[in-house]
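Enquirer: Mind looking over this structure? Questions follow.
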Amino acid sequence: MARVEFDVETTLAPERVVEVLTDFSDRRPDVWPDLDPGQYGVYSVEHTSASVREGSKLPGATIWAKERYDWSVPGTVRWTVEESNFCEPGSYMAATVRPAGVGGEPGGSRVHIEWERTGTGVRGKVLVRMIKLSNGKPLARSLQKALRRSEETGG
């Protein structure tokens, strides 16, 4: 199992960050740049949980996972793999959102990410290893892009 942790800062308020992470509307593929619209599907959305399929196109492959999102703990969104073509069930990613001054100014948020995945098959093991070796940089870039898009559209 590979694990990485990192922080991302945004000018969005913590509650708005949680909204971005848990918006499972048709606009989700527009906000999340690496989400393949053809792989996106919502099975169910409850008050503090959702079952969603998400995936990305990579050079020569498409990866996907059906994940259970849970935001029942205030300030934390955790999504756990139920089924996937590249990682084991139980693998997860969690975002803990806290208020933080961004750029020396009051306001904004610091998002702490925990990513723990076990790759399956050659492609999954290589992908997980690359994320681990990069300290999660592709994940951080994707999150930063989504938060920036939300900042630009009025958060």
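Enquirer: Report P(r) for the chain: all Cα-Cα distances, bin width 5 Å, range 0 to the bin holding the largest distance, values in whole percent.
Expert: 2, 9, 17, 23, 23, 15, 7, 3, 1, 0
Enquirer: Related question: With unit charges on the beta carbon (Lys/Arg positive, Asp/Glu negative), name the residue among Pro29, Ser56, Val111 whose Cα is farthest towards the positive pole of the charge dipole of the chain.
Expert: Ser56
Enquirer: Give the residue from Thr76, Val128, Val97 lying farthest towards the positive end of the charge dipole for the range 74-155; charges sit on Cβ (+1 for Lys and Arg, -1 for Asp and Glu) and the dipole is referred to the Cα centre.
Expert: The residue sitting farthest along the positive end of the dipole is Val128.
Enquirer: Quantify, in whole percent, the carbon and sulfur part of the accessible surface of the chain (1.4 Å probe; protein heavy atoms only).
Expert: 50
Enquirer: Next question. Below 8 Å between Cα atoms, with a sequence gap of 6+, how large is the relative contact order for the chain in percent?
Expert: Over the chain, the number comes to 30 percent.
Enquirer: So if I place +1 on the C-beta of Lys and Arg and -1 on the C-beta of Asp and Glu, and nothing else carries charge, what would the dipole magnitude of the chain be about its Cα centre? I want it in debye, nearest 20.
Expert: 600
Enquirer: Here is a further query. Mind checking the dipole of the range 37-89: about its Cα centre, +1 per Lys or Arg Cβ, -1 per Asp or Glu Cβ, Debye to the nearest 20?
Expert: Roughly 160 debye, rounded to the nearest 20.
Enquirer: Moving on. If the reach is capped at under 15 angstrom between alpha carbons, list the aspartates and glutamates near Lys125, excluding any in the same chain fewer than eight residues apart.
Expert: Excluding near neighbours in sequence, the set is Glu88, Glu116.
Enquirer: Residues of the range 12-155: accessible area per residue at 1.4 Å, in Å²?
Expert: In whole numbers, the range 12-155 has 52 Å² accessible per residue.
Enquirer: Evaluate the distance, in nm, between pseudo-label points positioned 7 Å from the Cα of Glu152 and of Thr120 along their respective Cα→Cβ axes.
Expert: About 3.6 nm, to one decimal.
Enquirer: In degrees, nearest 10, range 0 to 90: what is the angle between the Cα axis of helix 137-152 and the longest Cα principal axis of the chain?
Expert: Once rounded, one gets 40 degrees.
Enquirer: May I pose another question? Mind putting a number on the dipole of the range 67-132 about its Cα centre? Charges go on the C-beta only, +1 for Lys and Arg and -1 for Asp and Glu, and I need it in Debye to the nearest 20.
Expert: Computed charge dipole of the range 67-132: roughly 280 debye.
Enquirer: Could you list which residues have their amide H under 5 Å from that of Phe6, counting only those 5 or more apart in sequence or on another chain, with H placed in the peptide plane?
Expert: Sorted by chain and number, the residues that satisfy this are Ile113.
The values are calculated or read from the model by the stated rules, or taken from the named source; none is laboratory data. Just so it is clear, the model here is predicted, and its values are computed rather than measured. Cβ sites come from the backbone with ideal geometry, for glycine too, and all protein chains shown count toward neighbours. Accessible surface is based on the protein model in full, side chains and every heavy atom, while ligands, DNA and RNA are left aside. Shrake-Rupley method; radii C 1.70, N 1.55, O 1.52, S 1.80 Å.
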